[in-house]
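What follows is one structure encoded as C-alpha cells, with my remarks underneath.
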Amino acid sequence: MLDSVIPIALGLVTAAVAMSFWRLMCGPSMPDRILALDTLYINTIALLMLLGIHLGSALFFEAALLIALMGFIGTVALCKYLLRGDIIE
C-alpha cells in the first residue's frame, strides 16, 4: 500500500512546490511573496520527508530539520524588515 501512495504524494507535493515557486516569482505584493516563500519551505520539508520514507534514509530528516530552522529564521527576518525597515536595531 505504501509503495503506491508515496509516488502519488511525491507528485502532489512537487506540484505544490511548483505553484509556491510561481507565486514567489509573480506575487503582486511583498507580503504575498513572503507567504509564498514560507509555503515553499514547508512544502520542501514535506517533500524531503516523503523522500526519506521512500528511500529509507535518515539523512533526509536531518536536512528537513535544517530547512525548517533556516526557513523560520528567514521568515521572521523578512517580516521584521517589512514592518520596521531594519532587521538589527
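Inspect all residues belonging to region 55-66 and state whether any of them is of a type in the set (D, E, K, R), open to solvent by 50 Å² or more (accessible area, probe 1.4 Å) and part of a helix (DSSP H, G or I).
For region 55-66, residues of a type in the set (D, E, K, R), open to solvent by 50 Å² or more (accessible area, probe 1.4 Å) and part of a helix (DSSP H, G or I): present.
Going through region 13-40 one residue at a time, which ones are open to solvent by 40 Å² or more (accessible area, probe 1.4 Å), more than 18 Å from Tyr81 (Cα to Cα) and within 10 Å of the chain's Cα centre (by Cα)?
Answer for region 13-40, where residues must be open to solvent by 40 Å² or more (accessible area, probe 1.4 Å), more than 18 Å from Tyr81 (Cα to Cα) and within 10 Å of the chain's Cα centre (by Cα): Phe21, Thr39.
Hey, among Leu66, Leu55, Leu47, which residue is farther than 23 Å from Leu2 by Cβ and not polar (S, T, N, Q)?
Leu66
One line per residue, one yes/no per condition, for (1) without any contact (Cβ under 8 Å) to a residue 12 or more places away in the chain; (2) not aliphatic (A, V, I, L, M):
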position	(1), (2)
Leu48	no, no
Phe61	no, yes
Ile67	no, no
Val76	yes, no
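Would you please list the contacts, defined by Cβ atoms under 7 Å and residues six or more apart or on different chains, that run from a residue in region 28-45 that is closer than 24 Å to Leu10 by Cα to a residue that is open to solvent by 60 Å² or more (accessible area, probe 1.4 Å) and of a type in the set (Phe, Trp, Tyr)?
Short answer, once both residue conditions are applied: Leu40/Phe21.
The values are calculated or read from the model by the stated rules, or taken from the named source; none is laboratory data. Quantities reported herein were computed from a predicted structural model and do not represent experimental measurements. All Cβ positions, glycine included, derive from the backbone under ideal geometry; neighbour counts span all protein chains shown. Keep in mind that these areas ignore ligands, DNA and RNA; they rest on the heavy atoms of the full protein, side chains included. Shrake-Rupley method; radii C 1.70, N 1.55, O 1.52, S 1.80 Å.
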